[in-house]
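The values are calculated or read from the model by the stated rules, or taken from the named source; none is laboratory data. Here the structure is a predicted model, which is why all the values come from computation and not from measurement. Don't worry about glycine lacking a Cβ; one is built from the backbone with ideal geometry, like all the others, and counts go over all protein chains shown.
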Amino acid sequence: MTLVPTIGLVRGARAFHRGIGAFNVIHVESAEALVQAAEDAGRPVILQLSENCVRYHGSLEPIARAMLAIAESSSELVAVHLDHAEDEELARSAVDLGFGSVMFDGAALPYAENVAATRRVVAYAHRAGASVEAELGVIGGKDGAHAPGVRTDPGEAAAFSAETGVDALAVAVGSSHAMTERTASLDLGLIAAIAEAVAIPLVLHGSSGVPDETLQAAIRAGMTKINVSTHLNAAFTGAVRATLDEQPALVDSRRYVAAGRDAMAREAARLVGLLSPDLRSPDTDSLDIRTTDLPATEGSDAP
């Protein structure tokens, strides 16, 4: 069993100025592909399940239990995380199921409401040994949520993290969700300024649109958790499409889905190696990434 707390992987990567890949699960085959990628690369990975994906499957528990089982069966270190949950009850349910971390996304709320709601989620999660990621401001993309050029303010990020007690913070530094071309330009100076101001690991959402060398530069500047979804989905879908084009009479879905799974595993393994250290190498032997050390946080369980 190698299911480990998310916070251990994230803090371990941050301590050695490296990144940790956090990749979104869409279905069982993508979870299998991402765990295979971790094993092939010999490095840890974080599996993420979004609120949108929960909605697609109709409920949290079946796909969540499948993810947890796949993670537990891996020979590599794997953490399981709930991504972009705007529903406090969903975040609590993920904690109850055994997720190592949840992201509560209250970015669309007024600042004071975001702080209050995030504190409630943090209090609940910390009592169960789970960590919490939050978002300050809105990462662009999908719904055009903010105009180009909007960025996270380092001072506000420091105040928000202190007020909420979150364990990681997603910040707006130039990336955008759902990009299919890797052309995003990040504000590396701003990343460094936020990393200097905030004592917790930083998270880059929308990393699918960021070129390899820019991702590595962002990690050097202070980014830690690197979220990728669309780029890996494109690898999966491209392989499915190619297989069906080559074999138009094919009707066994296992055949073309397997091609997608293999393609996703290959590209995810490449990204894992690009972003993440081997956290069990000699220079990290003193770091116990299997445990949590989360502070008690005052707050209410009430929705």
ask   = So, of the residues in the stretch 63-75 that are in contact with a helix residue (DSSP H, G or I) (Cβ under 6 Å, 6 or more places away or on another chain) and closer than 13 Å to Glu32 by Cβ, which turns out to be surrounded by the most Cβ atoms within 10 Å (Cβ to Cβ)?
value = Met67
request  = Please specify each residue of the stretch 12-27 satisfying the condition of being modelled with pLDDT of 95 or more and surrounded by fewer than 22 Cβ atoms within 10 Å (Cβ to Cβ).
outcome  = Ile26, His27
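Out of Ile226, Ile219, report the one residue that is touching a strand residue (DSSP E or B) at 6+ places or on another chain (Cβ under 6 Å) and under 30 Å from Ser131 (Cα atoms). Please lay out each step first, then the result.
Details: Ile219 fails: touching a strand residue (DSSP E or B) at 6+ places or on another chain (Cβ under 6 Å).
It is Ile226.
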Subset of the stretch 86-105 [surrounded by fewer than 24 Cβ atoms within 10 Å (Cβ to Cβ) and of a type outside the set (D, E, K, R)] = Leu90, Ser93, Val95, Leu97, Gly98
request  = Return yes or no: is Asp288 in a helix (DSSP H, G or I), modelled with pLDDT under 95, surrounded by fewer than 17 Cβ atoms within 10 Å (Cβ to Cβ) and among the acidic types (Asp, Glu)?
outcome  = no
query = Restricting the search to the stretch 1-59, which residues are assigned to a strand (DSSP E or B) and hydrophobic (A, V, I, L, M, F, W, C)?
reply = Leu3, Ile20, Ala22, Phe23, Val45, Ile46, Leu47, Leu49
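Taking the condition of being crowded, with 20+ Cβ neighbours inside 10 Å, at pLDDT below 85 and hydrophobic (A, V, I, L, M, F, W, C), how many residues in the stretch 139-171 meet it?
Number of matching residues: 1.
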query = Are there any pairs with C-beta distances below 9 angstrom linking a residue in the stretch 244-273 that is closer than 17 Å to Ala22 by Cα to a residue that is among the basic types (Lys, Arg) and surrounded by 21 or more Cβ atoms within 10 Å (Cβ to Cβ), with the two at least 6 apart or on different chains, and if so which?
reply = Ala269/Arg43; Val272/Arg43; Gly273/Arg43
ask   = If you take the residues in the stretch 24-58 that are charged (D, E, K, R) and in contact (Cβ under 8 Å) with a residue 60 or more places away in the chain, which one is farthest from Ser276 (Cα to Cα)?
value = Glu29
query = Ala199 passes all but one of (1) crowded, with 16+ Cβ neighbours inside 10 Å; (2) at pLDDT 85 or above; which number fails?
reply = (1)
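What are the residues in the stretch 38-53 that are among the small types (Gly, Ala, Ser) and either within 15 Å of the chain's Cα centre (by Cα) or within 15 Å of Asn227 (Cα to Cα) (or both), if any? Give the derivation first.
Start the filter on the stretch 38-53 by keeping residues that are among the small types (Gly, Ala, Ser), which leaves 38, 41-42, 50.
Passing the criteria: Ala38, Ser50.
Checking the condition over 20 Å from Gly273 (Cα atoms), in contact with a Leu (Cβ under 8 Å, 6 or more places away or on another chain) and among the charged types (D, E, K, R), which residue from Glu61, Glu113 passes?
Result: Glu61 is the single residue among Glu61, Glu113 that is over 20 Å from Gly273 (Cα atoms), in contact with a Leu (Cβ under 8 Å, 6 or more places away or on another chain) and among the charged types (D, E, K, R).
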